[in-house]
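Scroll down for the structure; my scribbles are underneath it.
The values are calculated or read from the model by the stated rules, or taken from the named source; none is laboratory data. Remember, predicted model here, so these are calculated numbers, not experimental data. Quick reminder, even Gly has a Cβ in these numbers, built from the backbone with ideal geometry, and neighbours come from all protein chains shown.
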Amino acid sequence: MNRSDLPRVHERVAADPLPRSPHGLAERTVEYVLFTSRWLLAPIYLGLVAGLAVLLVKFVQHTIELVLHALTSDGEATIVGVLALIDLALMGSLVLMVMFAGYENFVSKLDLAGHRDKPGWMGHVDFSDLKLKLMGSIVAISAIQVLESFMNVANLSDRELAWSVGIHMAFVASGVLLAVMDRMSGKSHGAARQTAAQHELSSGGKNEQRVSR
């Protein structure tokens with residue numbers, strides 16, 4: 001078997017689905033309703049825009065408080081204030097990522113071809129990548145919360161600090177397990193596609209030999 005033929009076989013396997021029997025009117029109606037129901041998610045993603053607006057309001061509020069107390073607050077209070085702004089910025093990025101990637105994966109493609117401001121990652125984030133990016137953002141936000149707690153350690157009890165670190169470590173462990181599971185799943189899917197491609201290639205070679213005979 002020639003390995004150089006594998007990419008063409010992969011394309012043939014992906015482009016030639018299994019033959020399907022014609023569907024009846026009732027089945028086509030059910031499939032149309034199910035497929036159209038994806039638009040019920042659109043108002044949810046639009047609602048996340050309101051969440052972004054709320055985060056913007058809170059960001060402006062924290063910024064004004066930080067600037068007004070810049071000359072009277074100590075260094076630790078300033079660091080905590082800046083960390084709060086970073087926390088809000090990460091949360092806003094997380095919401096934006098869910099809006100764009102979720103809409104493109106589950107509702108419809110965004111018609112932004114040729115737009116100069118289109119983010120480079122749009123159109124290249126599938127559901128698996130979205131899960132990993134979300135978990136990474138959650139871990140980063142949790143780490144900032146832990147750092148804020150340690151900067152304000154004088155006003156927190158040992159129990160509160162322990163819970164903060166424990167929850168953060170739970171997020172870290174969940175992210176690692178999710179990445180490992182995704183990698184294992186990707187390897188199994190790749191092996192299955194390669195097996196199907198090899199089978200298709202061998203079947204094509206046998207058919208060509210029969211025709212030549």
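Structure values in brief
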item: Matching residues in segment 140-183 - criterion: being more than 22 Å from Leu90 (Cα to Cα) and small (Gly, Ala, Ser); result: Ala154, Ser157, Ala162
item: Filter result (small (Gly, Ala, Ser) and under 14 Å from Leu85 (Cα atoms)) within segment 58-73; result: none
item: Check on Val165, surrounded by fewer than 17 Cβ atoms within 10 Å (Cβ to Cβ), out of contact with any strand residue (DSSP E or B) (no Cβ under 9 Å at 6 or more places or on another chain), modelled with pLDDT of 85 or more and under 21 Å from Ile86 (Cβ atoms); result: yes
item: From Asp182, Asp129, residue being within 18 Å of the chain's Cα centre (by Cα), assigned to a helix (DSSP H, G or I), of a type in the set (Asp, Glu) and closer than 24 Å to Ile86 by Cβ; result: Asp129
item: Matching residues, segment 168-185, being hydroxyl-bearing (Ser, Thr, Tyr) and either in contact with a strand residue (DSSP E or B) (Cβ under 8 Å, 6 or more places away or on another chain) or touching a residue at least 40 places away in the same chain (Cβ under 8 Å) (or both); result: Ser185
item: Qualifying residue in segment 164-175 (condition: part of a helix (DSSP H, G or I), under 22 Å from the mean Cα position of the chain (by Cα) and closer than 25 Å to Ala53 by Cα); result: no
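This table checks each residue for (1) surrounded by 15 or more Cβ atoms within 10 Å (Cβ to Cβ); (2) modelled with pLDDT under 85; (3) under 14 Å from the mean Cα position of the chain (by Cα).
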{"position": "Gln61", "(1), (2), (3)": "no, no, no"}
{"position": "Val80", "(1), (2), (3)": "yes, yes, no"}
{"position": "Leu88", "(1), (2), (3)": "yes, no, no"}
{"position": "Val95", "(1), (2), (3)": "yes, no, yes"}
{"position": "Val146", "(1), (2), (3)": "yes, no, no"}
